[in-house]
């Protein structure tokens with residue numbers, strides 16, 4: 001049966017299907033990894049998604065996974081499945097340079113929590129994907145896989161590009177502003193930012209404890225749920241994680257909602273900055289959803305959240321980059337130097353006041369979800385990926401949800417007049433990650449079926 005498979009298209013197989021095929025002995029991990037490497041050789045000269053990739057080492061991991069399976073010992077849910085890792089997440093066997101010349105050649109001594117979890121689940125760590133400089137705004141080398149003249153977004157640039165181009169079925173990123181949702185929208189893949197503290201961040205470069213999240217990229221909701229199931233957990237080295245009961249995210253994501261979900265369409269105060277074709281696409285989408293969606297205006301407090309995000313993240317970024325500022329500021333980009341300077345100038349009282357508003361926002365959104373809505377539907381970005389590589393796009397449509405630590409998912413449902421992908425952002429209640437994935441699957445099926 002193995003010889004009969006079309007291995008030339010094996011790189012397109014989903015992570016869930018690949019794990020099943022490997023578990024059943026239909027294919028080997030080495031075959032899957034070789035197919036992904038062949039795809040890298042075919043397209044990465046244009047996309048440039050990887051900052052470190054050793055093909056022989058990736059294959060060595062895959063062969064070891066195949067030998068382990070043949071031993072008859074139990075295997076994990078991701079056994080033999082390759083995963084890309086954003087280059088701000090530590091890997092003890094590969095460089096982690098954080099997108100900066102200041103950290104060139106840095107090789108950590110141990111894995112980040114999420115990398116250790118992936119290895120425990122049997123995954124093959126394929127390589128390190130390109131990040132912007134210290135996961136901020138200064139772009140890396142990666143190009144949009146749909147059109148290399150356009151940005152892939154950032155700061156998680158290489159991960160969604162690699163997934164979209166078929167070089168790897170799964171990848172990890174991060175989000176401090178809009179660094180998972182926006183590039184997922186631009187690259188046309190699923191991008192998931194979980195509830196703050198659901199996935200441990202130990203071993204990931206810290207920009208802002210209040211805002212930092214691990215991000216997930218995949219080509220299906222089931223694959224996002226599969227990855228989330230393995231990474232959600234408690235780590236005492238991340239003070240924002242908590243012991244929690246294990247959740248079967250895949251089972252919940254694929255089940256039928258008890259009643260059809262009700263969505264709140266939130267334009268946000270930035271709606272005037274949305275591109276005309278994106279506005280038209282959202283009008284068509286909400287018309288199609290009919291009575292299952294209602295337009296909702298946010299409170300005045302929510303409109304101030306953009307300033308609060310800056311007042312919190314700015315000083316925390318300045319603090320976490322203080323060593324780089326003190327010893328190598330002339331080798332930082334001009335944009336990052338300016339951002340650190342702004343953060344250093346924020347008064348302590350402004351920082352504390354901004355943090356004090358977060359519980360108020362939590363309470364208002366909790367009431368909104370408990371009373372009527374299953375998820376918020378809102379833009380992931382102002383439109384499709386901008387032309388040029390000087391900017392990674394505007395994160396404004398993600399910052400409120402990042403500030404609140406609410407789970408958010410970019411769903412590749414639409415496209416712009418230029419043919420590039422245009423994601424829809426769904427946002428759920430804190431700790432409602434499984435419910436959000438179920439609502440997203442319902443939305444995708446609803447649109448695909450043409451039902452109204």
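The values are calculated or read from the model by the stated rules, or taken from the named source; none is laboratory data. Keep in mind that this is a model prediction, so the values were computed, not measured. Here Cβ is always computed from backbone atoms with ideal geometry, including for glycine, and neighbour counts include all displayed protein chains.
Applying a threshold of 9 Å to beta carbon distances and a minimum spacing of six or more residues, or different chains, the list of pairs starting in segment 400-422 at a residue that is on the phi > 0 side of the Ramachandran plot and ending at one that is in a helix (DSSP H, G or I) reads 405/358; 405/362. Residues that are in a helix (DSSP H, G or I), under 18 Å from the mean Cα position of the chain (by Cα), surrounded by 19 or more Cβ atoms within 10 Å (Cβ to Cβ) and modelled with pLDDT of 95 or more do occur in segment 120-133, at least one of them. Would you confirm, using the coordinates I've provided, whether residue 168 is touching a helix residue (DSSP H, G or I) at 6+ places or on another chain (Cβ under 6 Å), in a loop (DSSP other than H, G, I, E, B) and closer than 21 Å to residue 219 by Cα? The answer is yes for residue 168. Give just the number: which of (1) surrounded by fewer than 17 Cβ atoms within 10 Å (Cβ to Cβ); (2) over 24 Å from the mean Cα position of the chain (by Cα) does residue 247 not satisfy? Checking residue 247 against (1) surrounded by fewer than 17 Cβ atoms within 10 Å (Cβ to Cβ); (2) over 24 Å from the mean Cα position of the chain (by Cα), the one that fails is (2).
For residues that are outside any strand (DSSP E or B) and surrounded by fewer than 23 Cβ atoms within 10 Å (Cβ to Cβ), tally how many sit in segment 375-394. Number satisfying all stated conditions: 7. With respect to the conditions (1) under 14 Å from the mean Cα position of the chain (by Cα); (2) more than 23 Å from residue 416 (Cβ to Cβ); (3) outside any strand (DSSP E or B), residue 216 falls short on a single one, namely (3).
Between 162, 218, the distinction of being modelled with pLDDT of 95 or more, surrounded by 24 or more Cβ atoms within 10 Å (Cβ to Cβ), in contact with a strand residue (DSSP E or B) (Cβ under 8 Å, 6 or more places away or on another chain) and over 22 Å from residue 431 (Cα atoms) belongs to 162 only.
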